[in-house]
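To start, the structure under review is shown below, and the notes come after it.
The values are calculated or read from the model by the stated rules, or taken from the named source; none is laboratory data. Everything quoted here is computed from the prediction, not taken from an experiment. Note that we place each Cβ from the backbone using ideal geometry, even for glycine, and neighbour counts take in every protein chain shown.
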Amino acid sequence: PEDVRVYEFAEKVGRSVGEVVKVLFSLGTMVTKNDFLDKDSIEILAEEFDVQVETINPLDALDYVAAYDAEPNTVEEPRPPVITVMGHVDHGKTSLLDYIRSTKVAEKEAGGITQHVGAYQVEKDGKKITFIDTPGHAAFTEMRARGAQATDIAVIVVAADDGVMPQTKESISHAQAAGVPIIIAITKIDKPTANIDNVKSQLAEAGILPVEWGGDYETVGVSAVTGEGIDDLLETILLQAEMMELTADPTRRAKAIVIESSVEKGFGPVANVIIKNGTLHVGDNVIVGTTFGRVRTLILDDGSRAKEIGPSTPAGVVGLHEVPSAGEVMVAMENEKEARELAEKRKEYARAKELSKSTKVSIDELGALI
Ligand code: GTP
Ligand code: MG
């Protein structure tokens, strides 16, 4: 709105400058032909002249995600579910995923504590499932919140020998806030001190009433030591996913969510993403937040390389100019020019916003001093 001058507005609605000035003058506002019109004035003038005005937010042009979402899919094909595993620290999230993938990530972690988000794809009865592992440590609230946002289903892990703890409740809140279905995995059932009924009653108290007690929540007891219950858990996940009829359009340009990012020796910035829609190819030009790049390498969860990846696939994307923030959305663009220009504009805008924020702070501080 601030971008329209009086004479421009007059031209657009087919009136004379004099008419516009007169209307505003009658309402007590003095303007000349080169003045910018504010939003209120435009609305009054539109009503007076009986014209439709549409105000365009300049930011809309920078919102590449909204632009992507506005284009419809042309086909809908089934896609694997994305499952985020959340829960209290040390309750057995990584061990559970290790058992499912036959790996030993948990053993290699510093202090046995997960400090980042890992994403993996597994196959069960020929069906793929993508898992996101998250840290349970209290300090990593942000990562759990993001994990819940990137997912279709949340698996909340509760250790049978420890019960519902603060980050169990926090994880439940994140999943509920994200509006995703919850499946409870009661872990460590091999332990002599395991008490499944105790966990269930604590869950019920927290508002998560198990199905077998008349509630809505599936609970599955599992052990990452003996493997007991793990098939059952995977089947429960697949059943839930089936009901959701998850689809995507692999024929479109890609849209992916960044779950974490880093700078790696020999690679430069690496964004670990999960494809939400479309297919991402080596050579694609992408924008993500305020940075951009051309996909040079796609690294799969087993370290192998791929030429292209489809919906729900996790991968490391190499080829960005800068490290994007976790939670940001990556979208493939038509060409390099488009990706670069948009990223630069977004960066400029972010900088201007940051600047106006710091100016405001200094004025406030000034006020406090006076
Ligand atoms: P954070 O990521 O740090 O929150 O921990 P986590 O939830 O990933 O737990 P992790 O898998 O690292 O396991 C914590 C400890 O519990 C480790 O010593 C595991 O060996 C042990 N553990 C995990 N699952 C089981 C289980 O099913 N049975 C038994 N007996 N021990 C388990
Ligand atoms: Mg872990």
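Cβ-Cβ contacts under 7 Å between residues 6 or more apart (or on different chains), taken from a first residue in segment 105-123 that is more than 19 Å from Glu260 (Cα to Cα) to a second residue that is of a type in the set (A, V, I, L, M) and outside any loop (DSSP other than H, G, I, E, B), are listed as Gly112/Ala106; Val122/Ile100; Val122/Ile129. Scanning segment 149-181 for residues that are among the aliphatic types (A, V, I, L, M) and either within 16 Å of ligand 2 (Cβ to nearest atom) or more than 18 Å from the chain's Cα centre (by Cα) (or both) yields Ala154, Val155, Ile156, Val157, Val158, Ala159, Ala160, Val164, Met165. Scanning for something more than 30 Å from Gly229 (Cβ to Cβ), assigned to a loop (DSSP other than H, G, I, E, B), free of Cβ contacts under 8 Å to residues at least 24 places away in the same chain and in contact with a helix residue (DSSP H, G or I) (Cβ under 9 Å, 6 or more places away or on another chain), does segment 28-51 turn up at least one residue? Yes - at least one qualifying residue is present in segment 28-51. With respect to (1) farther than 22 Å from Leu238 by Cα; (2) within 14 Å of ligand 1 (Cβ to nearest atom); (3) surrounded by 15 or more Cβ atoms within 10 Å (Cβ to Cβ), the lone exception for Thr193 is condition (3). Give me the residue from segment 99-130 that is within 10 Å of ligand 2 (Cβ to nearest atom) and surrounded by fewer than 19 Cβ atoms within 10 Å (Cβ to Cβ) and, out of that set, nearest to the chain's Cα centre (by Cα). Here the answer is His116. Within segment 284-311, residues that are under 19 Å from Val122 (Cα atoms) reach partners that are of a type in the set (Lys, Arg) and part of a strand (DSSP E or B) with beta carbons closer than 9 Å, at six or more positions or on different chains, in the pairs Leu298/Arg305; Ile299/Arg305; Pro311/Lys276. Among residues of segment 239-255 that are of a type in the set (Val, Ile, Thr), those with a beta-carbon under 7 Å from a residue that is in a loop (DSSP other than H, G, I, E, B) at least six positions away or on a different chain give the pairs Thr247/Glu76; Thr247/Arg79; Thr251/Thr74; Thr251/Val75.
Close Cβ contacts (under 9 Å, 6 or more residues apart or on different chains) running from residues in segment 322-333 that are in contact (Cβ under 8 Å) with a residue 60 or more places away in the chain to residues that are acidic (Asp, Glu) and in a strand (DSSP E or B) comprise Ala326/Glu260.
For segment 236-247, state whether one or more residues are in a loop (DSSP other than H, G, I, E, B) and more than 16 Å from ligand 1 (Cβ to nearest atom). There is at least one residue in segment 236-247 that is in a loop (DSSP other than H, G, I, E, B) and more than 16 Å from ligand 1 (Cβ to nearest atom). Tell me, yes or no, whether segment 333-349 has at least one residue that is more than 28 Å from Thr251 (Cα to Cα), at pLDDT below 85 and more than 23 Å from the chain's Cα centre (by Cα). For segment 333-349, residues more than 28 Å from Thr251 (Cα to Cα), at pLDDT below 85 and more than 23 Å from the chain's Cα centre (by Cα): absent. Considered as a group, the residues in segment 324-353 that are surrounded by fewer than 18 Cβ atoms within 10 Å (Cβ to Cβ) and hydrophobic (A, V, I, L, M, F, W, C) include one that is farthest from Phe140 (Cα to Cα), and that residue is Ala352. Filtered by the rule that a residue be assigned to a loop (DSSP other than H, G, I, E, B) and either without any contact (Cβ under 8 Å) to a residue 24 or more places away in the chain or on the phi < 0 side of the Ramachandran plot (or both), segment 187-206 gives Ile189, Asp190, Lys191, Pro192, Thr193, Ala194, Asn195, Ala206. Of the residues making up segment 146-162, those that are within 14 Å of Ile182 (Cα to Cα) and either touching an Asp or Glu at 6+ places or on another chain (Cβ under 9 Å) or part of a strand (DSSP E or B) (or both) are Gly147, Ile153, Ala154, Val155, Ile156, Val157, Val158. Exactly one residue among Pro269, Pro324 is over 18 Å from Val65 (Cα atoms) and either under 22 Å from the mean Cα position of the chain (by Cα) or at pLDDT 95 or above (or both), and that residue is Pro269.
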